[in-house]
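Working notes for the structure below.
The values are calculated or read from the model by the stated rules, or taken from the named source; none is laboratory data. All of these numbers come straight from a predicted model, not from anything done at the bench. Don't worry about glycine lacking a Cβ; one is built from the backbone with ideal geometry, like all the others, and counts go over all protein chains shown.
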Amino acid sequence: MAVTRTPLIAGNWKMNLDHLQTVALVQKLHWTLRDAGHESDSVEVAVFPPFTDLRTAQTLIDADKIPFALGAQDISTHDSGAYTGEVSGTFLAKLDCRYVIIGHSERREYHAETDEVVAAKVQAAVKHGLVPVVCVGETAEDLEKFGASAVPAGQLEIALAGLPADADVVVAYEPVWAIGSGQAATPAQAQEVCAKLREVVARVVGEEAGVRTRVLYGGSVKSANIASFMREPDVDGALVGGASLVADEFAAIIRYQKHVGV
Ligand code: 13P
């Protein structure tokens, strides 16, 4: 089954930048790409600011016709009601969010999100027409004990259970030991696990979904290493943390196709 998967370069801002700083970064990123003659059709760009910035980002993207998709960093399993502090997928959809990150290792670790909670959030996202960016990955200890792919593959299997065959999802392989450490996985490691995760998508959601679903790598991605990941056949993009907060650096990551040797 021949298919072209549009590469996705996604910036997870985590808990950084207020709504005023959001304006500055989105504008600077847009101008930098425009001035460089970047062809926006070649790569999809998505930004994931904190909840309090989403309305600002939405308004700016809409007013200036900026070709970036918008995403949130989390979603409630509930639609509405007495859930203090939670944010419903209904609200995210109203803000033109296309994506929502689910199951990031920081939420699994600091907010005790289990695989079952992650699965419920995936269902909530799909219900509201949002594309879940399902994050999976092994810790350094898991890596030592089980190898690289067993833990992320198991997490993904639970997260995707029960999705319809036409579900639109993105998978992000983020080894926990590579996040914010400056020590990225090697392209070969990323390829091996991303290929395994694609097999899980094919088995759990359906063969066609396995072919069309984008699998991203995340963990210490920067302009100096992005091209080497994107050369791998099963790596369809990147989920970028720290480097997505600096307009010039994130623009250089987005423009990986222009890097020497690509
Ligand atoms: P860094 O790019 O800062 O390592 O973060 C990766 C990440 O967690 C993206 O979701």
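From the list Val201, Val211, the lone residue that is away from the ligand (no atom under 16 Å from the Cβ), crowded, with 18+ Cβ neighbours inside 10 Å and not in a strand (DSSP E or B) is Val201. For the stretch 218-234, the set of residues classified as more than 8 Å from the ligand (Cβ to nearest atom), part of a loop (DSSP other than H, G, I, E, B) and of a type in the set (Gly, Ala, Ser) consists of Ser223, Ala224, listed by residue number. For the stretch 248-258, the set of residues classified as more than 14 Å from Ser228 (Cα to Cα), away from the ligand (no atom under 14 Å from the Cβ) and within 18 Å of the chain's Cα centre (by Cα) consists of Ala251 only. Filtered by the rule that a residue be within 14 Å of the ligand (Cβ to nearest atom), of a type in the set (A, V, I, L, M) and in contact with a strand residue (DSSP E or B) (Cβ under 8 Å, 6 or more places away or on another chain), the stretch 6-32 gives Leu8, Ile9, Ala10. Gly162 - would you say it is modelled with pLDDT of 95 or more, surrounded by fewer than 22 Cβ atoms within 10 Å (Cβ to Cβ) and closer than 25 Å to Asn225 by Cβ? It is false that Gly162 is modelled with pLDDT of 95 or more, surrounded by fewer than 22 Cβ atoms within 10 Å (Cβ to Cβ) and closer than 25 Å to Asn225 by Cβ.
The residue list Ala63, Ala69, Ala82, Ala93 contains one member that is surrounded by fewer than 20 Cβ atoms within 10 Å (Cβ to Cβ) and touching a His at 6+ places or on another chain (Cβ under 6 Å), which is Ala93. Within the stretch 218-247, residues that are farther than 13 Å from Gly11 by Cβ have Cβ atoms under 8 Å from residues that are of a type in the set (Lys, Arg) and assigned to a loop (DSSP other than H, G, I, E, B) in these pairs: Asp236/Arg5, counting only partners at least 6 apart in sequence or on another chain.
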